[in-house]
Amino acid sequence: MKKLTHFYITLFLLPYLLKSQPVPQPDVDKVQLSRFLIITGAGYAVTQAGLYSLWYKDQQSQSFQFFDDSQQWKQVDKAGHFYTAFHLSQLGSHAFHRAGIDEQKCHWYGALMGTLMLLPIEIFDGYSEAYGFSWSDVAANTMGAAFLPIQYKIWHEVRIQPKFSFHRTDFPKLRPNTLGKSWYEEIIKDYNGQTYWLSFDLYRFFPKSAIPKWINLAIGYGAENMVYARERENEAYGLQAYRQYYLAPDIDFSHFRQPPTSLGNKLLNGVLYVANLIHLPAPTLSYEAGRGLRFYPLYF
């Protein structure tokens with residue numbers, strides 16, 4: 001899965017994002033809504049072209065087919081689908097809200113946008129000889145997108161933020177065509193170095209506690225010893241793939257946002273939005289299946 005699609009789209013949309021803080025609007029602003037849809041469409045088209053060049057260009061095509069990849073890569077790729085869909089949905093929700101769409105509707109519209117924006121990737125996979133259309137990917141996309149409106153339905157705010165972190169590993173040297181030939185390819189392709197987090201906003205769960213507003217608690221998931229997608233393939237290669245679970249403190253940058261009353265504040269809010277996509281290095285307790293507990297003074 002091409003998990004960081006949303007990050008590149010965010011970069012394309014950053015000028016719009018700086019203005020798209022969710023503020024009350026009495027009526028639907030058709031000009032604002034049209035502007036968002038045009039910018040989104042342009043950024044999305046450029047991103048998809050780059051993704052095709054990076055991932056699919058050198059692969060053989062085939063007639064459309066389905067493929068069950070639900071047991072591959074210890075489901076780290078599915079965590080990536082969930083993460084990507086959530087943030088695309090959140091970005092869309094903010095923009096729809098600013099355009100004056102009803103608060104309840106804008107979250108579901110954002111979720112629909114996040115789901116639909118990832119669907120062409122599955123279609124690309126369907127025509128790629130190396131992959132195939134995956135219903136489990138679509139399910140992960142749908143769950144990630146729905147995670148936004150569900151939180152608003154329960155709490156009227158986001159209290160659990162999906163995040164991502166990455167560290168380089170030695171595994172791409174063993175299969176560079178699959179796991180990446182450079183650092184920017186490895187971020188997308190090397191599942192061994194990817195960790196996906198759910199960052200819990202402790203202050204919003206416990207507003208009367210003495211916990212600083214910006215301190216979160218994050219649980220993470222990853223896997224390692226994976227050169228091939230399936231477990232039996234790794235075993236044949238002499239590797240025993242294993243899952244990893246993490247517990248670490250986290251920073252919620254949303255609590256540092258400022259009223260968008262000046263260009264400086266808008267720039268700051270845009271930077272904080274992007275920073276809040278990432279879990280920064282922190283002391284981390286990990287449990288590795290079959291290996292027990294480990295403590296990392298700093299883990300990324």
Review point. Which entries in Lys163/Lys189; Lys74/Lys189; Lys163/Lys213; Lys208/Lys266; Lys105/Lys213 show an alpha-carbon gap greater than 23 Å?
Key: Lys208/Lys266; Lys105/Lys213
Exercise for review: Send over the Kirkwood Rh of segment 107-249, from the inverse of the averaged 1/r over different Cα pairs, rounded to one decimal Å.
Suggested key: 17.6 Å
Practice item. Report ³J(HN,Hα) in whole Hz for each residue of segment 287-300, in order, from the Karplus equation J = 6.51 cos²θ - 1.76 cosθ + 1.60 where θ = phi - 60°; Gly and Pro get x. Key: 10, 10, 3, x, 10, x, 8, 9, 10, 10, x, 9, 10, 10
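Can you check what the net charge comes to around Phe206, using other residues whose Cβ is under 13 Å from the Cβ of Phe206 (Lys, Arg +1; Asp, Glu -1)?
Values: positive: Arg159, Arg204, Lys208, Lys213; negative: Asp201.
The answer is +3.
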Revision key, fill the gap. Given backbone amide H placed at 1.01 Å from N, residues whose amide H is under 5 Å from that of Ala282, ignoring those fewer than 5 places away on the same chain, are Tyr299
**Study point:** Rg(Cα) / (2.2 N^0.38 Å) computed for segment 181-254, rounded to two decimals
**Key:** 1.53
Review point. Straight-line reach from Lys153: which aspartates and glutamates have Cα under 18 Å away, leaving out those fewer than 8 places along the same chain?
Key: Asp102, Glu103, Asp201
Review point. With θ set to phi - 60° and the Karplus curve 6.51 cos²θ - 1.76 cosθ + 1.60, what are the ³J(HN,Hα) couplings of segment 94-107 in order, to the nearest whole Hz, using x for Gly and Pro?
Key: 4, 5, 5, 5, 5, 6, x, 5, 3, 4, 5, 5, 4, 5
**Study point:** Contour excess over end-to-end distance, with Cα ends at Thr178 and Lys105 and 0.36 nm allotted per residue
**Key:** 22.2 nm
Review point. At a Förster distance of 30 Å, what's the computed FRET efficiency of Phe206 paired with Val138, Cβ-Cβ distance as r, to 0.05?
Key: 0.25
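Where a number appears in this text, it was derived from the coordinates with a stated rule and is not lab data. The model shown is predicted, which means the values in this text are computed figures rather than measured ones. A quick note on method: Cβ atoms are made from the backbone with ideal geometry, for glycine too, and the neighbour counts reach across all protein chains shown.
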